[in-house]
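Trainee: Got a structure for you, questions after.
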Amino acid sequence: MAIVAQWQSNRLKDRTPATPTQLLTAPSLEFYDPDRLEELRQVERNTYAAYKRMLAAAIGDAALQLNHISKDELAPGEKYFKIISAFRSHEYQEKLRRESPNAGSAGLAVNSPHFTGRALDIYVGGDPVDTRDSNRAIQVNSPAYKWLVRNASRFGFRPYFYEPWHWEYVE
């Protein structure tokens, strides 16, 4: 349990919501769902730059065998390491709560690090929106997740222990 305490202590401390000038719209092909609405593709600028550096390193790791079209861009059909979710406004999170009141802690978060634009949900395997333990077991055993555990901190990202897909940029 020491690793859980260590990871939790390294989480994003400042939960100040991002301002529009701090955000950029990431290209749709960076997302697991390329049809995601533009307002749901917002990422804090420094977080996105760090994500791109991390993505380039993952693509460069031949052991992962990621399909890619350039040194820092995944092929359209590649799912691993794509962003599932990034910035969420308070209004959007409230809408999620109203639509799915039994969604669990992720859906009901009232002080989500996603408000900062510095939290990314990254596809690591399994069903990207299934929070059951059986799905988490698939995720934590994927090569993508294991690579992130070993390497993400080099790029400023820290995990949220209970959500294998959730990574926070803390630099």
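The values are calculated or read from the model by the stated rules, or taken from the named source; none is laboratory data. Here the structure is a predicted model, which means the values were calculated and not measured. As a convention, Cβ positions derive from the backbone with ideal geometry for all residues, glycine included, and neighbour counts pool all protein chains shown.
Trainee: Would it be correct to say that Pro164 is in contact (Cβ under 8 Å) with a residue 60 or more places away in the chain and touching a Phe, Trp or Tyr at 6+ places or on another chain (Cβ under 9 Å)?
Mentor: So Pro164 does not fit the description; no.
Trainee: Then there is this: Could you list, in sequence order, the residues of segment 8-53 that are among the aliphatic types (A, V, I, L, M) and part of a helix (DSSP H, G or I)?
Mentor: Selection gives Leu29, Leu40, Ala49, Ala50.
Residue by residue, here is whether (1) among the polar types (S, T, N, Q); (2) modelled with pLDDT of 95 or more; (3) closer than 24 Å to Ile138 by Cα holds:
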| position | (1), (2), (3) |
| --- | --- |
| Asp33 | no, yes, yes |
| Met54 | no, yes, yes |
| Ile69 | no, yes, no |
| Phe81 | no, yes, yes |
| Ile84 | no, yes, yes |
| Arg88 | no, no, no |
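Trainee: Follow-up question, since we're still on this one. Does Arg41 fit the bill of being more than 23 Å from Lys146 (Cβ to Cβ) and either among the aromatic types (Phe, Trp, Tyr) or under 18 Å from the mean Cα position of the chain (by Cα) (or both)?
Mentor: Taking the combined requirement at face value, the residue satisfies it.
Trainee: To continue, here is another question. For Thr47, state whether it is of a type in the set (Ser, Thr, Tyr), modelled with pLDDT of 95 or more and farther than 18 Å from Tyr123 by Cβ.
Mentor: In short, no.
Trainee: Return the pairs, sorted by first residue and then second, in which the second residue is of a type in the set (Asp, Glu) and in a loop (DSSP other than H, G, I, E, B), the first residue lies in segment 11-28 and is within 21 Å of Ile122 (Cβ to Cβ), the beta carbons are less than 9 Å apart, and the residues are 6+ apart or on different chains.
Mentor: Within 9 Å, the pairs are Ser28/Asp35.
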